[in-house]
Amino acid sequence: MFITLEGIDGSGKTTQLNLLAAWLQEQGLEAVITREPGGTPLGEKIRLLLLSPEDGPKTAVAELLLYAAARAELVQRVIKPALQAGKIVIADRFNDSTWAYQVWGRGLDPLWVKEVLSGTTDGIKPDLTLLFDLVPSVSLSRIKRGDRLEQENLDFFQRVRQGYLALAQEEPERIRLIAADRSVSAIWTEVRAEVETLFTKIC
Ligand code: TMP
């Protein structure tokens, strides 16, 4: 079972991922937790590069290919083996991030990005994606504005959010839209309900 968490920076998805991981453990379920970019030795090095304001890519194409390289390693070395072993995988970001940030945010050619993504992910698709939705003016006020991406302007994050919302409209079964402008516990109640629904569908 493959669950991904998505949303613009500052949407609170990582807090919910930690709650989900702890809850799964309480249920006696083994879950593999990943994050992107990162999650493998090479991926973590690429993450440092991608998030660095000084050393990070200066072109959108190089940026896309670095995210894709980190994901290719993560899929082959971590996600695919875990899914084949019947484990639950929870991913902090996956393909939808690339679609929202690199296609909608940066304006890269969607057909080309689709090709790159399909060559990167080896046919692996999430069973459920929880999309934490928040207006960028609120999400940006929550973050430290330190790394390369966090320094992007409001327009950029508005485009990224539109990209996510368009994806959610296209795939409402897989992508569950979660209003992230509420308390952590209210959001968590909804997250748990979505995951429980998936369990009853799949198990
Ligand atoms: P995060 O791990 O704190 O969410 O930060 C990762 C940053 O990288 C975030 O700004 C989103 C961005 N990103 C992309 O632009 N494209 C991608 O494919 C991924 C996985 C992340």
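The values are calculated or read from the model by the stated rules, or taken from the named source; none is laboratory data. Please read all numbers here as calculations on a predicted model, not as lab measurements. Reconstructed Cβ throughout: ideal geometry from the backbone, glycine too, with neighbour counts over all protein chains shown. Heavy atoms of the whole protein, side chains included, go into the accessibility calculation; ligands, DNA and RNA do not. Shrake-Rupley method; radii C 1.70, N 1.55, O 1.52, S 1.80 Å.
Keeping to region 167-203, report how many residues are within 16 Å of the ligand (Cβ to nearest atom) and more than 15 Å from Gly12 (Cβ to Cβ).
Qualifying residue count, region 167-203: 2.
Restricting to region 159-203, and then to whatever is basic (Lys, Arg) and at pLDDT 95 or above, can you tell me which residue is surrounded by the most Cβ atoms within 10 Å (Cβ to Cβ)?
Our first condition is that a residue be basic (Lys, Arg); within region 159-203, this holds for 159, 161, 174, 176, 182, 192, 201.
Checking which are at pLDDT 95 or above leaves us with 159, 161, 174, 176, 182, 192.
Details: Arg159: 19, Arg161: 22, Arg174: 16, Arg176: 18, Arg182: 14, Arg192: 14.
Residue satisfying both the conditions and the ranking: Arg161.
Out of Leu154, Leu149, Leu140, report the one residue that is over 27 Å from Val195 (Cβ atoms), of a type in the set (A, V, I, L, M, F, W, C), surrounded by fewer than 19 Cβ atoms within 10 Å (Cβ to Cβ) and touching a residue at least 60 places away in the same chain (Cβ under 8 Å). Let's see the steps before the verdict.
Numbers: Leu154 fails: touching a residue at least 60 places away in the same chain (Cβ under 8 Å); Leu149 fails: surrounded by fewer than 19 Cβ atoms within 10 Å (Cβ to Cβ).
Of Leu154, Leu149, Leu140, the one residue that is over 27 Å from Val195 (Cβ atoms), of a type in the set (A, V, I, L, M, F, W, C), surrounded by fewer than 19 Cβ atoms within 10 Å (Cβ to Cβ) and touching a residue at least 60 places away in the same chain (Cβ under 8 Å) is Leu140.
Of the residues in region 1-46, how many are under 19 Å from Arg176 (Cβ atoms) and touching a residue at least 60 places away in the same chain (Cβ under 8 Å)?
Residues meeting the conditions: 20.
Can you find a residue in region 90-101 that is open to solvent by 20 Å² or more (accessible area, probe 1.4 Å) and aliphatic (A, V, I, L, M)? So that I can check it myself, show each step before the final result.
We begin by selecting, within region 90-101, every residue open to solvent by 20 Å² or more (accessible area, probe 1.4 Å); these are 93, 95, 99.
Right, trim to aliphatic (A, V, I, L, M) and you get none.
Checking region 90-101: not a single residue is open to solvent by 20 Å² or more (accessible area, probe 1.4 Å) and aliphatic (A, V, I, L, M).
For region 95-130, enumerate the residues that are touching a Ser or Thr at 6+ places or on another chain (Cβ under 7 Å) and closer than 21 Å to Thr59 by Cα.
Of the residues in region 95-130, the ones touching a Ser or Thr at 6+ places or on another chain (Cβ under 7 Å) are 95-96, 113, 117, 126, 129.
Selection gives Asn95, Asp96, Val113, Leu117.
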